[in-house]
Amino acid sequence: MSYRTDISTKPRAAKDTDTDSYKDNLDVDVLIVGAGFAGVYLLHRLRDEQGLNVKVYEAGTELGGIWHWNCYPGARVDTPIPCYEYSFPSIWKEWTWTEKYPDWKALRDYFKFVDKKLDISKDVAFDSRVISAEYDQKANKWVCKTEDGRTARCTYLINALGFAAKRSFPDWKGMENFKGEIHHSSFWPENGVDVKGKKVAVIGTGATGIQLSQALGQEAASTTVFQRTPNLCLPMRQRKISAEEQNNDKKNYPEFFRHRMTTFAGFPYDFSDKNTFDDTPEEREKFFEGLWERGGFEFWLATYKDMLFDWDANEETWQFWLKKTRQRIKDPRKRDILAPMEKPHAWGTKRPSLEQNFYEVMDQPNNDVVDIKNNNVVEVKENGLVTADGKFREFDIIALATGFDAVTGGMKNMGLRDINGVDINDKWAEGTKTYLGMTLSGHPNHFFLYGAQGPTAFSNGPSCVELQGEWIIDAIAKLRKENITYLDATKEGEDRWFNYIQEINEKTLFPHTNSWYMGANIPGKKREQLNWPGGFPLYFEKTREVLNNDFQGFVTQPPAAKA
């Protein structure tokens, strides 16, 4: 059995002795944790443009964040190029893709190119997992310790962990008894898994489960998907894209990158100015058809502006999706599981996955789908799975697409403590509180991005990274210019931000759905909106108000020492 839950199966990083990134007792201006899109962006901007001494600790063995860990069959981004890349002209002028939606191999190549152009790796310590981070009030520095015993001190600590940094695993009885192979999607072996002639189980129908299923379902003898909730997928409309086409478009890239930051979610399109019932049924049908044919998230994020606020408007969207999807599935039993007549939740209140041929692949007679909403897996035998109804199904390989303790999990998994020694798990036990989705009370000179209460899961990743990254860079520059050595969010600031998020969220349909947006995918996790639901423009306005008003909601002096 191959079953890893806590460590990477990837080769260890070769530690470059020509750099000081790995030395013990490292002392720097800025320490960034994570070398994905956010960590690389901040390292380049703070080191090369601000002249700061910056290092990055990365648990993996190369750049890329999620694209270092994800190499499972079918893994690819759900955002089209050039939206899913940096806006740096030094990068996009020379880089071209081969597909509209790049796969994991292309993303890894992209990060290698970025590394070569920006000389990133020299200041990254790979294979360096942070297990402790505490603020030394006497020295006014953060002290971070790695799993292998090294210590680093920094004036500014930045978490760039991404929203999917802590994996979620099922607690099935007997997992250790399985004689075949079990792989979590983010621990998929680098050299792949031979599924030819084998029976495969895919557990989960999030984006990863959809991608795994449509890929494995075309190779394995059989692929069986265990589904708790149907994924209301959208057509990706993948296609090859030539270098010539991209180069012709690059004259428009500066405006493209400027514009993506003005839309609700950092995509190149935005919600319509119309409400659903402003159009006649015929006009609405034509509008929906156009969104559907263009593919991607347009049917979700370029649709009528009331779709995520009004039940009747949402129903119109659902009925169109249902009609389009059910006609693609011939097997009536599978059709009723994958696209049930009864709406499982308000359409769009869970992130829809983009698929290429998922429904056709699952419709094949050799593949199957099992509804486990009320009939979950209860035991693992040496050669298969048993569900609550007592039925045994035989498998050679089990693929766990069981997701992550999303948005907050990564920060809760690194031994992070506030100035009073309180662990963040305890701080957030009764609810997630941040200020601006980038700072925490009791965590002076500590920033994070693409995490809790930022635009995060309601956005395009690189766009969100640049939106929040720019604020963090400007905040640090302002602190240094004004000789402010201490910046700590107030609890009042956290409360205001929390209440503002809830106020916006309650006007939407999101609270009515159990989703990872709401923390509902993890047993015991508090159910709450974990993301900023107000869109990029309002987020930019509110966070810039704080920066332009002398750090409103922060204190800039350390508390008096206790007698």
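The values are calculated or read from the model by the stated rules, or taken from the named source; none is laboratory data. All values derive from a computational prediction rather than experimental measurement. Counting neighbours? That spans all protein chains shown, and the Cβs are built from the backbone with ideal geometry, glycine included.
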Is one or more of the residues making up region 275-295 over 20 Å from PRO352 (Cα atoms), in contact with a strand residue (DSSP E or B) (Cβ under 7 Å, 6 or more places away or on another chain) and of a type in the set (Lys, Arg)? no
Residue pairs meeting the criteria (Cβ under 6 Å; at least 6 apart or on separate chains; first free of Cβ contacts under 8 Å to residues at least 12 places away in the same chain, in region 286-311; second of a type outside the set (D, E, K, R) and surrounded by 18 or more Cβ atoms within 10 Å (Cβ to Cβ)): none
Where residues in region 527-555 are closer than 25 Å to THR402 by Cβ and touching a Phe, Trp or Tyr at 6+ places or on another chain (Cβ under 8 Å), which of them is modelled with the lowest pLDDT? GLN529
Provide a single number: the residues in region 296-332 that are at positive phi and among the charged types (D, E, K, R). 0
If we keep just the residues of region 77-109 that are without any contact (Cβ under 8 Å) to a residue 40 or more places away in the chain and in a helix (DSSP H, G or I), which is surrounded by the most Cβ atoms within 10 Å (Cβ to Cβ)? TRP104
How many residues, within region 99-130, are aliphatic (A, V, I, L, M) and touching a Cys at 6+ places or on another chain (Cβ under 9 Å)? 1
Is it true that ILE32 is buried (at least 23 other Cβ atoms within 10 Å of the Cβ) and among the β-branched types (Val, Ile, Thr)? yes
Any residue that is more than 20 Å from the chain's Cα centre (by Cα) and modelled with pLDDT under 95 - is there at least one of those in region 406-415? yes
Which of the residues spanning region 318-349 are surrounded by 15 or more Cβ atoms within 10 Å (Cβ to Cβ), among the basic types (Lys, Arg) and either in contact with a strand residue (DSSP E or B) (Cβ under 7 Å, 6 or more places away or on another chain) or not in a loop (DSSP other than H, G, I, E, B) (or both)? LYS324, ARG326, LYS334, ARG335
